Amino acid sequence: SYTFLETWNIGIILLFTVMATAFMGYVLPWGQMSFWGATVITNLLSAIPYIGTTLVEWIWGGFSVDKATLTRFFAFHFILPFIITALVVVHLLFLHETGSNNPSGIPSDMDKIPFHPYYTIKDILGLLLLILLLLTLVLFSPDLLGDPDNYTPANPLSTPPHIKPEWYFLFA
């Protein structure tokens with residue numbers, strides 16, 4: 001409920017942090033696509049009146065996306081999940097303190113079921129199987145889900161050949 005300010009604000013900060021991490025990951029494919037992705041997405045900020053252009057140049061660290069910009073995005077993409085984990089813990093602490101609520105204001109204590117150790121074992125087993133599957137994929141065929149365009153040498157002066165601007169008008 002928005003009346004629990006600490007819980008609500010931590011949740012909003014958590015939402016923005018997750019979106020920032022997703023954006024940094026979008027720029028991560030190293031090579032030509034990263035220059036293009038960073039340029040297009042960060043240029044959206046130029047639509048902000050008065051400060052847009054200055055904000056874009058500040059994020060880029062200059063007048064164009066460069067290796068330093070991508071390295072900075074990569075570092076943030078690595079650090080932000082740890083911050084998200086800390087925010088989740090704080091959010092859960094506040095939820096434990098205040099409890100949660102539903103929009104109608106009706107107490108939901110009757111809907112709670114006892115948490116049994118079997119649920120914990122089931123969840124841990126599923127997590128271990130997922131980790132095993134992902135490790136198998138990563139260790140035995142790391143390029144299986146990759147895109148060959150990510151290995152194209154980067155050229156910040158041109159748009160990647162497979163990007164077709166008219167697609168944005170057709171499917172937007």
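Each of Phe4, Phe115 was scored by other Cβ atoms within 10 Å of its Cβ. Arranged with the fewest first, they read Phe115, Phe4. With the cut-off at 1.5 for a/c, could you classify region 28-89 from its C-alpha gyration tensor as rounded, prolate or oblate? Oblate, since a/c reaches 1.5 and b/c is not below a/b.
Laboratory data are not the source of any read-out in this text; all were calculated from the coordinates shown. The structure presented is a predicted model; accordingly, all values stated were derived computationally and were not measured. Neighbour counts are summed over all protein chains in view; Cβ atoms, including those assigned to glycine, are modelled from backbone coordinates with ideal geometry.
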